[in-house]
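Just below is one structure, and these are the notes that go with it.
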Amino acid sequence: MEREDFFNRRPGIIGERNFSQYAVLVVLVETEEGAAFLFEKRSETLNRQPGEICFPGGRLEAGETPLEAAIRETMEELLVDRRQIEILGSGDVFISPFNFMIHPFIAILRDYKYSYSQEEVGDVFTVPVHFFQEHKPKKYLNHLSHEQPNDFPYECIPGGKNYPWFKGSYEINFYTYQEDVIWGMTAGIVESSVALIQSYHLLKGM
């Protein structure tokens, strides 16, 4: 690389190596009510987040791109073939304050028979896209606090232990559809994806 290449360089994220990387497929299927998001309910037997509502996806494996991970996980969890998946494009990356980031990809799933792996998935269900277009999420703020380790070098910073640390917060979204509550990271990805679907007319010709 030369100096001339620097201007067109795509910025990285400082500290990204400290983040765990995940990818999900924001799945769209055709239903009697029109285009709909397909959600999973995680199996109750899983150690992490049993029963939670999510999109198909998971952690990146070594040497895997986010898109490859999203497709692989979707095929494994929904028992579908790669030929059924039409990738429309990338969603907006969700960066968590808890050191992980999620790469969403919006896709159409064709000829889906509502199959799923019972080892990972407890159930699947759909919510019409128009529901999210007509209902904004309820938003709540979660506050973050600082907790320094015992060996933190207070003597190196102005004010020492009385240093005025910034206080942070982040939004948590909640949607309620019939008896199901879609919240947290999944709801944040939904809100972003709905905006992209509208802006880029992604349902046109579906």
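The values are calculated or read from the model by the stated rules, or taken from the named source; none is laboratory data. Predicted model, so just to flag it, every value in this text is computed and none were measured. We place every Cβ from the backbone using ideal geometry, glycine too, and count neighbours over all the protein chains shown.
Scan region 163-177 and report the pairs whose first residue is surrounded by 13 or more Cβ atoms within 10 Å (Cβ to Cβ) and whose second residue is assigned to a loop (DSSP other than H, G, I, E, B), with Cβ atoms within less than 8 Å and a gap of 6+ or a chain change.
So the pair list comes out as Tyr170/Pro97; Asn173/Pro137; Phe174/Pro137; Tyr175/His135; Tyr175/Pro137.
Output the residues belonging to region 39-56 that are in contact with a helix residue (DSSP H, G or I) (Cβ under 8 Å, 6 or more places away or on another chain), within 15 Å of Tyr114 (Cα to Cα) and not in a loop (DSSP other than H, G, I, E, B).
Answer for region 39-56, where residues must be in contact with a helix residue (DSSP H, G or I) (Cβ under 8 Å, 6 or more places away or on another chain), within 15 Å of Tyr114 (Cα to Cα) and not in a loop (DSSP other than H, G, I, E, B): Phe39, Glu40.
Quick check: is even one residue across region 129-149 among the aliphatic types (A, V, I, L, M), closer than 30 Å to Leu88 by Cα, at pLDDT 95 or above and in a helix (DSSP H, G or I)?
Scanning region 129-149 turns up at least one residue that is among the aliphatic types (A, V, I, L, M), closer than 30 Å to Leu88 by Cα, at pLDDT 95 or above and in a helix (DSSP H, G or I).
Hey, among the residues in region 185-206 that are touching a residue at least 40 places away in the same chain (Cβ under 8 Å) and small (Gly, Ala, Ser), which one's surrounded by the fewest Cβ atoms within 10 Å (Cβ to Cβ)?
Ser192
Consider region 114-159. How many of its residues are under 29 Å from Glu73 (Cβ atoms), β-branched (Val, Ile, Thr) and out of contact with any helix residue (DSSP H, G or I) (no Cβ under 8 Å at 6 or more places or on another chain)?
Going through region 114-159 one residue at a time, the tally reaches 2.
Would region 58-67 turn up any residue that is touching a residue at least 40 places away in the same chain (Cβ under 8 Å) and not aliphatic (A, V, I, L, M)?
Yes, that holds for at least one residue.
Restricting attention to region 152-193, which residues are in a strand (DSSP E or B) and small (Gly, Ala, Ser)?
Gly168, Ser169
Residue-by-condition table, conditions (1) farther than 19 Å from Ile106 by Cα; (2) surrounded by 17 or more Cβ atoms within 10 Å (Cβ to Cβ); (3) at pLDDT 95 or above:
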{"residue": "Glu4", "(1), (2), (3)": "yes, no, no"}
{"residue": "Ile13", "(1), (2), (3)": "yes, no, no"}
{"residue": "Asn18", "(1), (2), (3)": "yes, no, no"}
{"residue": "Ala23", "(1), (2), (3)": "no, yes, yes"}
{"residue": "Glu32", "(1), (2), (3)": "yes, no, yes"}
{"residue": "Ala36", "(1), (2), (3)": "no, yes, yes"}
{"residue": "Glu40", "(1), (2), (3)": "no, yes, yes"}
{"residue": "Arg48", "(1), (2), (3)": "yes, no, no"}
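Somewhere in region 131-151, is a residue of a type outside the set (Lys, Arg) and more than 33 Å from the chain's Cα centre (by Cα)?
Yes, because at least one residue in region 131-151 is of a type outside the set (Lys, Arg) and more than 33 Å from the chain's Cα centre (by Cα).
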